[in-house]
Amino acid sequence: MIFPLRFDGLWRHRDFVRLWLAQGISDFGSYISRLALPLTAAVLLHATPMEMGVLMAIEVLPFALFSLHGGVLIDRVRRMPLMLGRDALCALALLIVPLAAWGGWLSMPVLWVVGFLCMTAEVIGGSAHQSYVAMLVGKDRLVEAHSKFTATSSTAQLTAPGLAGLLIQWLTAPFAILFTAGSFVISALVLRSVKTPEQAPVSAGNTSVWQEIKAGIDLVRHTPVLRAFAIQTTLWQLLNHMLGAVLVLFATRNLGLDAGDMGVSYMLGGLGSLSAALLAARLGRRFGIGPTVGMGFAATALAWLGFALIVQGRGPAMLWFSLCQALFAFGATLFSINYLAARAAVTPDALLGRMIATMRFVTVAPAPLGALAGGMLATALGLRGAIYVIAAMGLVLAWHALYRSPARLLLVLPKRTEEAPTQGGH
């Protein structure tokens with residue numbers, strides 16, 4: 001964990017620190033499973049590109065199935081029980097992998113089920129967490145809060161993959177996932193220590209679930225900043241999941257990297273994410289929120305191009321792969337911090353849960369198509385050829401975000417708002 005030399009700002013907020021600690025613990029385990037699950041598929045189960053594409057698609061399918069209804073739920077009930085439920089479901093689901101490996105029935109369908117359950121928990125609990133943070137610290141401190149969460153996540157990314165690589169080599173990938181399950185249990189215990197009373201949700205009265213879902217959709221559709229961010233983030237998620245379906249296979253089969261090499265590369269990726277977390281607020285103030293988001297897209301696109309250009313030879317390949325991971329993590333973190341803060345700042349408190357759910361639905365629900373497209377592209381063009389195509393499309397998206405998207409005109413974080421914006425407003 002990263003602690004500043006001076007404990008000021010939100011570090012003086014006791015319950016924020018507890019929330020931050022719980023998230024950091026679960027982040028640590030998540031980075032182990034983020035490496036262990038695809039390596040289990042690629043190395044132990046000898047997955048094909050299409051099977052990896054299906055794994056990626058199923059992992060994000062819950063966004064399409066549950067996001068919108070989850071948003072209504074978040075605005076109707078208290079958020080803390082949903083966050084605790086996420087940790088519990090993730091821990092139980094991940095335990096299936098080592099049990100299946102021990103019992104001799106581990107297969108790709110088992111990984112598909114585990115991925116689906118974990119992401120279902122994240123769809124509800126993760127959205128509840130974002131809404132809870134806004135309630136706990138206030139919208140005027142969201143960039144600071146997201147920067148601190150991301151800095152901690154980056155620190156976990158620096159340390160967890162290296163440990164994951166060792167655990168995978170010593171115990172095999174399925175049993176390394178036991179550590180991830182344990183981290184979610186500890187996270188839940190820490191969350192229970194948060195004492196700030198949560199405001200009772202506003203009664204929905206006679207409003208139907210579908211009317212409330214429509215209110216969240218209308219908010220995004222009629223708020224120019226949210227609409228612009230939704231469009232460009234959707235396209236980025238499609239490309240990112242296309243890459244995710246082929247990158248681990250490319251690293252292990254084309255470049256010859258093993259679990260330890262992958263762990264080191266992900267650790268260096270954490271350096272890029274940590275750097276962005278420390279610089280995001282400063283860059284947002286200097287260049288503007290919208291342009292900084294575009295800069296993040298550009299960095300990720302250049303990283304994707306870098307992956308395609310990696311030469312053969314384990315030593316050079318590992319170094320170049322790691323540098324690309326760092327650049328990608330820097331760009332993804334830079335855009336996400338400013339994007340998350342901006343979308344919460346323009347949203348009335350009563351609609352926060354539905355806005356977050358709507359944005360997650362719009363931006364991530366199409367991602368399964370991207371994962372499947374990545375698998376098909378790799379089958380047709382080969383792993384390296386697929387990455388070239390993805391990088392080219394990423395560069396086009398970055399150009400649009402920097403020079404054409406209406407979101408580029410957002411220069412400062414909008415002030416706190418309590419009422420729903422009128423049609424066409426901010």
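The values are calculated or read from the model by the stated rules, or taken from the named source; none is laboratory data. Keep in mind that what you see is a predicted model, and the values were worked out from it rather than measured. Quick reminder, even Gly has a Cβ in these numbers, built from the backbone with ideal geometry, and neighbours come from all protein chains shown. Side chains are part of the model used for accessible areas, which takes the heavy atoms of the whole protein and leaves out ligands, DNA and RNA. Shrake-Rupley method; radii C 1.70, N 1.55, O 1.52, S 1.80 Å.
Taking the Cα atoms only, what angle lies between the long axis of helix 352-364 and the longest principal axis of the chain, rounded to 10 degrees?
Result, in degrees: 30.
Can you give the convex hull volume per residue for the Cα atoms of the stretch 56-139, as a whole number of Å³? Don't skip to the answer; put the middle values down first.
On the way: hull volume 7.7 nm³, N = 84.
It comes to 91 Å³ per residue, whole-number rounded.
For the stretch 211-288, what is the convex hull (Cα atoms) projected area averaged across all directions, in square nanometres? Mind showing how you got there, number by number?
Values: hull surface 32.2 nm².
Orientation-averaged projected area of the Cα hull: 8.0 nm².
Treating the angle as unsigned and between 0 and 90°, give the value, to the nearest 10°, between the Cα long axis of helix 49-76 and the longest Cα principal axis of the chain.
Approximately 20 degrees, to the nearest 10.
Note the angle between two axes, namely the Cα long axis of helix 14-39 and the longest principal axis of the Cα atoms of the chain, as a number of degrees from 0 to 90, rounded to the nearest 10.
It works out to around 30 degrees.
Can you give the translational diffusion coefficient of the chain in µm²/s, computed by Stokes-Einstein from the Kirkwood radius over Cα pairs at 10 °C and 1.306 mPa s?
Translational D for this selection: 73 µm²/s.
Sort 290-298, 386-394 by the packing proxy (mean of other Cβ within 10 Å over each peptide's residues), most packed first. Don't skip to the end; give the middle numbers.
Details: 290-298: 24.9, 386-394: 21.6.
Going by the mean number of other Cβ atoms within 10 Å, highest first, we get 290-298, 386-394.
So what's Rg/Rh here for the stretch 260-305, counting alpha carbon atoms and using the Kirkwood radius for Rh? Intermediate values should be presented prior to the final figure.
Working: Rg = 12.6 Å, Rh = 11.7 Å.
A ratio of 1.07.
Suppose only helical runs count, i.e. DSSP H with n ≥ 4. What mean residue ellipticity at 222 nm does that imply for the chain under -39500 (n - 2.57) per run, divided by all residues and rounded to the nearest 500 deg cm²/dmol? Walk me through the intermediate numbers first.
Numbers: 13 runs with 329 residues, N = 426.
Calculated mean residue ellipticity at 222 nm is -27500 deg cm²/dmol.
In the stretch 5-76, which chymotrypsin sites (Phe, Trp or Tyr not before Pro) are in a loop and have at most 11 other Cβ atoms within 10 Å, using DSSP for the loop call?
Details: sites: PHE7, TRP11, PHE16, TRP20, PHE28, TYR31, PHE63, PHE66; in loops: PHE7.
Listed in order of number, the matching sites are PHE7.
Over the stretch 270-426, what per residue volume does the convex hull of the Cα atoms give, in whole Å³? Intermediate values should be presented prior to the final figure.
Numbers: hull volume 19.9 nm³, N = 157.
Per residue, the Cα convex hull of the stretch 270-426 comes to 127 Å³.
Between ALA47, VAL248, ALA350, whose Cα lies farthest towards the positive end of the dipole of the chain when Lys and Arg beta carbons carry +1 and Asp and Glu beta carbons carry -1, centred on the Cα centre?
ALA350
Which longest uninterrupted range of the chain lacks any GluC sites (Glu not before Pro) assigned by DSSP to a loop state (not H, G, I, E or B) and surrounded by at most 10 other Cβ atoms within 10 Å? Please report the intermediate quantities before stating the final value.
On the way: sites that count: GLU418, GLU419.
So the longest stretch without any such site is 1-417.
Taking the Cα atoms of the stretch 63-104, report the difference between the largest and smallest coordinate on each principal axis, in whole Å and largest first.
Computed over the stretch 63-104, the largest-to-smallest principal extents equal 43, 23, 8 Å.
Over all directions, the average projected area of the alpha-carbon convex hull for the stretch 1-123 comes to how many nm²? Intermediate results must be reported in sequence, preceding the final value.
Values: hull surface 38.8 nm².
Orientation-averaged projected area of the Cα hull: 9.7 nm².
In a Gaussian network model over the chain where Cα atoms closer than 10 Å are linked, find which of LEU352, LEU189, LEU377 has the largest mean-square fluctuation.
LEU189
Take ARG192 and TRP399, extend 7 Å from each Cα along the Cα→Cβ direction, and tell me the distance between the two endpoints in nm.
5.6 nm
Leaving out ligands and nucleic acids, note down the accessible area per residue over the chain with a 1.4 angstrom probe, in whole Å².
Values: 17310 Å² over 426 residues.
Value for the chain: 41 Å² per residue.
With a point put 7 Å past each Cα toward its Cβ, work out how far SER107 is from ARG12 in nm, to one decimal.
Spacing of the two 7 Å Cα→Cβ label points: 5.9 nm.
Given Cα pairs under 8 Å that are at least 6 residues apart, what percent is the relative contact order of the chain?
Numbers: 769 pairs, mean separation 118.6, N = 426.
Dividing the mean separation by the residue count of the chain yields 28 percent.
Can you sort MET262, MET135 by solvent-accessible area, 1.4 Å probe, largest first? Let's see the in-between values first.
On the way: MET262 0, MET135 55 Å².
Largest to smallest exposure gives the sequence MET135, MET262.
Ignoring ligands, DNA and RNA, please state the percent of accessible area on the chain from carbon and sulfur, probe 1.4 Å. Working shown, then result.
Working: 11750 of 17310 Å².
C and S fraction of accessible area: 68 percent.
Got a sec to turn the phi values of the stretch 270-281 into Karplus ³J(HN,Hα) couplings, 6.51 cos²θ - 1.76 cosθ + 1.60 with θ = phi - 60°, whole Hz, x for Gly and Pro?
Listing the rounded values in order: x, 4, x, 5, 5, 4, 5, 4, 6, 9, 4, 5 Hz.
Picking from ALA332, ALA380, ALA22, which is most flexible by a Gaussian network model of the chain using Cα springs under 10 Å?
Highest fluctuation of the listed residues: ALA380.
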